[in-house]
Amino acid sequence: MSKQRGFEIVEKYQDKNINLPVRQTKKAAGYDIESAEDFVVPSIWKFGVLNVIKFLLTKGKMDDAKVEEVQKAIKPVLVPTGVKAYMQDDEVLIIASRSSNPLKRGLSIPNGIGVVDADYYNNDGNEGELFIQLINFFPKDFHIKKGDRLAQGIFIKYLTTDDDIGGLKERQGGFGSSGVK
């Protein structure tokens, strides 16, 4: 029987004691995804938010360098997991936040959920490694430890329309890129 869906460790983390995602209870829908390494998620308040407020108060009259500095300071980070997911062509892996992240850690997935398509697996850009995109809205930096559970992955089948003409191109990139503009 061929492989249906699951997780594997990416090459660069083969000897780093990475845990594959698992469901914590019998009826859990999500597979808990861990951090592959220690990581710091900086507080958005540290540099950026006060500068954004200044930007708004000056009606956007900041030079381009300052605007770029503000955007960089409040930009989400990508936390490596060391794992990749394989699935059927008509399936997607949804990356959702753990419910404790905002309440206890001040962490949020800024785009709401992550969508991992089947053709992300073993792509040329990053071998299909899953990254958890996070933003920290608490006033202090949050220190993630290797093995901390950051998100949950849920495999779901999806539907297409009767007249669907999509899917004619091959993936051309890694994280955040289907290669289609």
Summing +1 per Lys or Arg and -1 per Asp or Glu among the other residues with Cβ less than 13 Å from ILE44's Cβ gives +3
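Given a cut-off of under 8 Å on Cα pairs at least six residues apart, what relative contact order in percent is computed for the chain? Show your work: numbers first, answer last.
Values: 343 pairs, mean separation 55.6, N = 181.
For the chain, the relative contact order is 31 percent.
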Projecting each Cα onto the charge dipole of the chain (Lys/Arg +1, Asp/Glu -1 at the beta carbon, about the Cα centre), which of ALA151, SER2, LEU20 comes out farthest on the positive side? ALA151
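Can you tell me what share of the DSSP beta bridges in the chain is antiparallel? A percent to the nearest 5 is fine. If you can, show how the numbers build up before the last one.
Values: 30 of 31 bridges.
Just about 95 percent of them are antiparallel.
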Give me the percent of Cα-Cα pairs in the stretch 73-144 that sit more than 18 Å apart, rounded to a whole number. 44
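Using r as the Cβ-Cβ distance of ASP15 and TYR121, and R0 as 25 Å, what FRET efficiency do you calculate, to the nearest 0.05? Walk me through the intermediate numbers first.
Working: r = 21 Å, r/R0 = 0.85.
Approximately 0.70, to the nearest 0.05.
Expressed in nm², what is the orientationally averaged projection area of the convex hull enclosing the Cα positions of the stretch 1-97? Could you put the intermediate results ahead of the total?
Numbers: hull surface 42.3 nm².
So the mean shadow area of the Cα hull is 10.6 nm².
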Applying the Karplus parametrisation 6.51 cos²θ - 1.76 cosθ + 1.60 with θ = phi - 60° to the phi angles of the stretch 132-137, what ³J(HN,Hα) value in whole Hz is obtained for each residue in order, glycine and proline being reported as x? 9, 7, 9, 10, 10, 9
To the nearest 10 degrees, the tilt of helix 48-57 (Cα long axis) against the first principal axis of the alpha carbons of the chain is 60
Under the 0.36 nm per residue contour assumption, what length would be gained going from the current alpha-carbon distance of SER2 and PHE137 to full extension? 44.3 nm
Give the Rg (one decimal place) followed by the Dmax (whole number) of the chain, computed from C-alpha coordinates and expressed in Å. 18.5, 63
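Readers should treat all values here as calculations from the given coordinates under stated rules, not as data from a laboratory. The shown structure was predicted, so the numbers you read here are calculated from the model rather than taken from an experiment. Cβ: placed from backbone, ideal geometry, glycine included. Neighbour counts: every protein chain shown.
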